[in-house]
Amino acid sequence: MKKFLSILIVAIMLFTMIPTTAFAASATAPKITATADKTTVAVGDTVTVTVKVPANSNLVAFTYFLNYDSSYFQVVSQKTTGVFSYELTDKATAGTFKYIGTTSGVVTDAGTLFTVQFKVLKTGGKITCDIREAYVLSGKNDVDVTSSCASISTK
């Protein structure tokens with residue numbers, strides 16, 4: 001019995017020494033981007049904002065906000081994709097799309113999270129975005145996830 005236990009302990013020790021593959025951190029901090037199909041729009045025009053996640057982001061969970069002033073922009077349509085398991089809520093009166101993305105694995109492919117088409121009601125409005133509570137699987141303890149948002153001006 002002692003011999004069996006000794007062999008078992010040696011086998012376990014050897015198994016734990018086998019190198020394993022880890023997910024590498026992105027060369028740069030992941031950035032979720034919101035881009036617009038038009039940068040200058042007039043009253044009555046529509047503009048489509050597309051929110052994307054980059055390749056090799058190693059994101060596992062995050063909360064993303066796309067904010068707009070509902071007195072300047074009216075939501076015409078929205079579309080989500082299955083890059084993450086998600087919850088997308090639109091609080092039209094508050095002018096916010098809140099996207100909570102989670103996954104059981106790690107997202108390494110680039111992809112569209114969601115698109116929103118807005119109708120311009122009057123000039124002077126802005127669309128902004130920010131990311132909160134982002135979690136990245138990487139070799140580093142602290143990785144900043146940033147966001148950038150389309151600059152849209154009305155004329």
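The values are calculated or read from the model by the stated rules, or taken from the named source; none is laboratory data. Just so it is clear, the model here is predicted, and its values are computed rather than measured. FYI the Cβ positions are ideal-geometry reconstructions off the backbone, even for glycines, and counts take in every protein chain you see.
Here is a yes/no grid of residues against (1) modelled with pLDDT under 80; (2) closer than 23 Å to residue 111 by Cβ; (3) of a type in the set (A, V, I, L, M, F, W, C); (4) in contact with a Cys (Cβ under 9 Å, 6 or more places away or on another chain):
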residue	(1), (2), (3), (4)
20	yes, no, no, no
27	yes, yes, yes, no
31	no, yes, no, no
45	no, no, no, no
51	no, yes, yes, yes
63	no, yes, no, no
71	no, no, no, no
80	no, yes, no, no
85	yes, yes, no, no
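Among the listed residues 65, 84, identify the single one that is in contact with a Lys or Arg (Cβ under 7 Å, 6 or more places away or on another chain) and either touching a residue at least 24 places away in the same chain (Cβ under 8 Å) or not hydrophobic (A, V, I, L, M, F, W, C) (or both). Steps first, answer last, please.
Details: 84 fails: in contact with a Lys or Arg (Cβ under 7 Å, 6 or more places away or on another chain).
Sole residue among the options that is in contact with a Lys or Arg (Cβ under 7 Å, 6 or more places away or on another chain) and either touching a residue at least 24 places away in the same chain (Cβ under 8 Å) or not hydrophobic (A, V, I, L, M, F, W, C) (or both): 65.
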